[in-house]
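First up is the structure itself, then whatever we jot down about it.
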Amino acid sequence: MAATTKIYTQDSIRRRKMLLPLMLVLLLIVVPFLQKTIDPTAEEYHKGEKSLVTAGMGLNNEFLLLPMLGFREAAAGLLWVRCDEFFHSGDYDAILPLVRLITWLDPHADNVYVTGAWHLSYNFTDSSERSDRRYIPPAMRLLDEGIQNNMNIPDIKFEKGWQLYDKVKDFNGAEDAFKLALATKPSKNSDDYPYGAPLRIWHTLAHAYEKQGRIPEALATWQKAMQRAHEMLGRNPKDYSTKQLLAAEKHNYELTLQRYQDRYQTSGHDHTNPTPYPAVLMPAAGSKTLGPWDGSFEPHVEITRPKVFKVSGRFAVADGARVDVRIEDEDYKPIDVSNARDAFNIPLDQTILVDTVSVRKTRFEREMDMSRDAKMYSFSKPYLKVILSYNPRTTSPHLQDRFGWSGEGLTDRNPNYVYYDKRPELLGTKLIEGQQGDGPKWDGKDETWRQGGRRPEGSTEEWKPGGQPPRLIKVTYRVKAEDVLNGGKVLTDKDIVPND
Amino acid sequence: MVALAIANQTVREALRRRVMWIFLIIGVFLIALGPVFGFLNPRDSQVVLKSLGLAAILLAGLFITIVTCIYLIPIEIERRTIYTVLSKPVQRYEFVLGKFLGGFATVFVNIAAMGVVFLAMLWLQTPGHHVPPDMFKGIMLTFFQMLLLAALTIFFSTFATPVVNFFLSFGIFLVGNLSSVTDSLTTSRNAIARGVGTLVHYLLPNFGNFNIQNSIIHPQIEIANANAFMMQSIAYALIYSAVLLILAILIFDRREV
Amino acid sequence: MAAAISIHGLTKKYVDVWQKQEVVAVNNLNLDVEEGEIFGFLGRNGAGKTTTIKMLLGLIFPTAGDATILGRPMGDNNVKRELAYLPEETYFYDSMTGWDLLDFYARLFRIPEPERSRRVQLALEKVRLQPEAWKRSVRGYSKGMRQRIGIAQALINDPKLLFLDEPTSGLDPIAHAELRDIVASLKEEGKTVFLSSHQLADVELICSRVAIIHNGKLLRTGKIKDLLAGERTEIIVQGRELGNGMLQKLKDLVPVVEPIYDHTEADDALGGVPTDMLRLSSDDFEKTTAVIDLVRGVKGRIVSIVPHKRTLEDVFVETVRKEDGV
């Protein structure tokens, strides 16, 4: 009997001694490679999700527990309900961190991005209900993040477009956002299938074109919208909401076409006037002079009390015109929000006020009291700018009938007040030569909606976007913060600096 | 054959454990509660229903897997029943395999039960009685995630006590769920962070791979390689489970019972 | 007869990692168990009985030494087909019925149906478990019933060699006797039983050979017959004359001669007052007769003559105490 010592005498062990470790090594080699294959798609799945370590930092225990247990969306939902309570109680500051957390927990909660950004853009105001503009970059940052995480839905893109249109008055940016929304890939899960976005976004896009003075494109967009509405009604003739939209499209298309004809192509509908801007060149009521109308802008800005501005003056245009007022730091620039975590940290030392004053019987006057909102208006920079301006692109239609969409029919006796905003993205409908326009001479023969500054399809020749920059009436004052803080100062022509 | 007999016995034993039923009932209860919480997302109550359902399956599945698998081997040793089994012509690997299969079959039955309740709930609550196929995927990936967890728990149970095992398995499950963090660490500039991240990401069981709930409950999210991803994730679960089971067998072969 | 179990220098040491102490559970054990015998493996709690059995079954691994079981190295999986093991105080899977439990164990031997059901029924009948309990869950079984199931699972494969660890401990007298008889009957079927026990009366009754293990060391091994050899007779004599020269004579004759003390309450503290009685112990009939003659010769009185049979307990206690130096 061999009495050798064996620690593990089981047959099975002897047999597996080699096989199992070999298999183990082979499989272990496979694992990292497989993981590497999985990673890109996993990243796509987890896009925008913040880990609980990050998202959990601001959570109370009861809320932290839920996402930890896997109920990310439920936690997000509960937080959202709490947000709603804060909306009702007016505790607006409390909402922001919650919005941040919810979108980290559930990066596909589209309505949270939308509502959160709306809240940022609209709900923070001074005591005269003027929005705190410092919140707009964070709002845009939040929307961009939402768009990044939800490329497959048009909702957040549309919201961005709408806020740029309605709040920021950046119609070009709005146009881009609406186009992005319209380019959304159609999804079978969406009500809009086989389209990527709802019909109404074509409407807002058309309006955005119109506000940029790019009427041919606006008209083309209305046509596209009508075409799509017809397609949709072809599939479902009882789709009453589309029927209503189609009716609006027809009305808007016809109205815009009418205005385009009236403002730029004909005078009094007689189709006889050969000049490019017949309406513009017609003498206005009470005047016999042909040519652009002289607004005779006479602004008067006074710091009546510390931090209180009185903006008044004369502007010889019809009632309904509004003079835009901006009071901002001399070096004001919207902050660049690049870090998601600092998204809601607004620059507290920034001062900006945006308001309008309406013109009645050629006069305007408004007091802007910035003394009651020290949190919003810190006046911590040495100099401020006070900008008074009138923009024909945002003015009401009856004034646009007189001045054109880009102010072609408006001027001022003080040439320093006439300001062309020549940023290329603001070029509107073509302007004739000799009128500060860069475009070719208007010949009136082009098909109207092919114009508007696009390279003709298939064309290879050197091409410059032609078009009309908006012509504004604009005055910029430079004022010492010290004077604002002390009060009792009237701004004079000496305080006027060139517009930029 | 022997492993199957052991698995069969294990399932019968496990299904009689009260604590498992408690978790199952909690899970089903949470799923059934889904429609009540529709108010959390007024624009799309389906999102809450789906989220709650998938999370409930994951959560109940997680606890059922851990409490089931953690005891399978230690309780045999404690009650000495393992002596009556291993003194019969049963190889130790057959025993480990049988216990794993039994534990996993138990988990499967539970997840399947919750899955059926969840899909039925969804079917009832969805206009037009349409159940999105993504939900099957969600349940399936949870199921394979639990397979991996079961293998991990069985592996630890060959040398750790149930209490230690609970914390080890749960801890690794949590770390493994941070895969999006570890993934970003693999490209970190800090060498130590990169090293640790790479190690954790590629070597520890990557449970985060299976968490696609957030993306699939939002119908608008479309993933390009969704089907390939499913297959890869399942392959990952199977291969990594095999690794853990081989380790478990190698350790258990040397374990004195 | 061939050896069913042959153990050579089997040793198991445990090292306490924290205390750096070495505990020797089984120390260089050499033992042979013949085929067809019921072998009693005796020892106190913690003597190393269970450790030895677990090593033989491959449940734990020896530090040194070797053993063959039914001619094959221990731990060999194939030899396990011929083995059975009833561990001490097993709970079994108590949610299963008695029948299902045995069916499960039969599956581990890969016994196919219908043979499996036949074996299960046979085993249940053999251990005399009432048929109405077969389909009840083991949870509701009494201790005696559990022990019967335990033996039944050991019999399921019709083994050649059974390791039974305390099969009769903690049972009521009737169940105890029944189970003991069942174990005894195994011998008639030609099975070898390795019975670990400290129920010495049982062992004495049914075992042919025993081994005594203490602190991991094998102290004694042999046939019961041989260990119990040497009947002893206790004689109590009385007489005034016995104290003098007679005492030496008696001591020369028999090994044990001791005075009997009268333990009254008052004297107790002093160890009692010597009486005129002596207790003698004789291990030989001739000597006994000689003692009687001697006592009668001096007009002493024979108070009692009680023949004492040696029990295994005597042997065990004697052996263990001797080892411990008590």
- Query: Sorted by mean Cβ packing within 10 Å, highest first, what order do the peptides A:211-220, A:490-499, B:163-172 take?
  - Reply: A:211-220, B:163-172, A:490-499
- On a C-alpha basis, how far is the centre of region A:230-248 from the centre of region B:58-89 in Å? Whole number, if you could? 65 Å
- Item | Estimated vicinal HN-Hα couplings, Hz - region B:171-179 in sequence order (Karplus 6.51, -1.76, 1.60; Gly, Pro = x) | x, 5, 4, 5, 4, x, 7, 8, 4
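Enter the mean number of other protein chain beta carbons within 10 Å of the beta carbon of each residue in B:235-244, as an integer. Show your work: numbers first, answer last.
Values: counts 4, 6, 0, 1, 6, 6, 1, 6, 8, 2.
Across the residues of B:235-244, the mean count of other-chain Cβ atoms within 10 Å is 4.
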- Query: For region A:47-230, what size does the Cα cloud have along each of its three principal axes, sorted from largest down, in whole Å?
  - Reply: 57, 46, 24
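Fewest to most neighbouring Cβ within 10 Å: what's the order for A:370, B:146, C:145?
Ascending number of Cβ neighbours within 10 Å: C:145, A:370, B:146.
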- Build a GNM of chain B with springs between Cα atoms under 10 Å: which of B:237, B:191, B:160 gets the top mean-square fluctuation? B:191
- region A:47-230, dipole about Cα centre (Lys/Arg Cβ +1, Asp/Glu Cβ -1), debye to the nearest 20: 620 debye
- How far is the Cα center of region B:122-189 from the Cα center of region B:223-240, in Å? 14 Å
- Looking at region A:156-239, how many pairs of lysines come closer than 17 Å at the Cα, when each pair is eight or more places apart or spans two chains? 12
- Task: Order by neighbour count: C:132, C:34, fewest other Cβ atoms within 10 Å first, most last.
- Result: C:132, C:34
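Sort A:182-194, C:103-115 by the packing proxy (mean of other Cβ within 10 Å over each peptide's residues), most packed first.
C:103-115, A:182-194
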- Helix-derived mean residue ellipticity, 222 nm - over the protein assembly as shown, DSSP H n ≥ 4, -39500 (n - 2.57), to 500: -15000 deg cm²/dmol
- Query: If the cut-off is 13 Å between C-alpha atoms, which aspartates and glutamates fall inside it for residue C:135, apart from same-chain ones fewer than 8 positions away?
  - Reply: C:94, C:100, C:103
- Enumerate the calculated ³J(HN,Hα) couplings along region A:26-34 in order (Karplus 6.51 cos²θ - 1.76 cosθ + 1.60, θ = phi - 60°), each rounded to whole Hz, writing x wherever the residue is Gly or Pro. 4, 5, 5, 6, 5, 3, x, 5, 4
- Taking neighbour counts of Cβ atoms within 10 Å as a proxy for exposure, in what order, fewest first, do B:207, A:87 appear? A:87, B:207
- Note on the structure: Note on region C:159-217: alpha-carbon gyration tensor, axes a ≥ b ≥ c; rule is a/c under 1.5 for rounded, else prolate if a/b larger than b/c, else oblate; result oblate
- Message: Inside 10 Å of the C-beta atoms of B:3-11, what's the mean count of C-beta atoms belonging to other chains?
- Response: 3
- Message: Could you tell me how far the Cα centroid of region C:103-175 sits from the Cα centroid of region A:155-183, in Å?
- Response: 81 Å
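Work through the residues other than residue C:141 whose Cβ is under 10 Å from its Cβ and net out their charges, Lys, Arg +1 and Asp, Glu -1.
On the way: positive: C:136, C:139, C:143, C:146, C:148; negative: C:94.
Result for the local shell: +4.
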- Dividing the alpha-carbon radius of gyration of region B:72-182 by 2.2 N^0.38 Å, where N counts its residues, gives 1.38
- For residue C:136, the residues 5 or more places away or on another chain with a placed amide H closer than 5 Å to its own amide H are C:98, C:99
- Using per-residue counts of other Cβ atoms within 10 Å, averaged over each peptide, order B:124-133, C:71-80, C:209-218 from highest down. C:209-218, C:71-80, B:124-133
- For chain C, alpha-carbon Rg over 2.2 N^0.38 Å: 1.29
- Would you compute, for the Cα atoms of chain B, the largest minus smallest coordinate along each principal axis and list the three values in descending order, in whole Å? 62, 49, 30
- Message: Please compute, for peptide C:57-69, the average count of beta-carbon atoms on other protein chains lying within 10 Å of each residue's beta-carbon.
- Response: 5
- Task: With a bin width of 10 angstrom, please list the P(r) values of the protein assembly as shown as percents of all Cα-Cα pairs, from the 0 bin to the one holding the largest distance.
- Result: 2, 8, 12, 13, 12, 10, 9, 7, 6, 6, 5, 4, 2, 2, 1, 1, 0, 0
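Read-outs: derived from the displayed coordinates by stated rules, not from any lab. Owing to the predicted nature of the structure, the values given are computational and were not obtained by experimental measurement. Cβ atoms come from the backbone with ideal geometry, glycine included; neighbour counts cover every protein chain shown.
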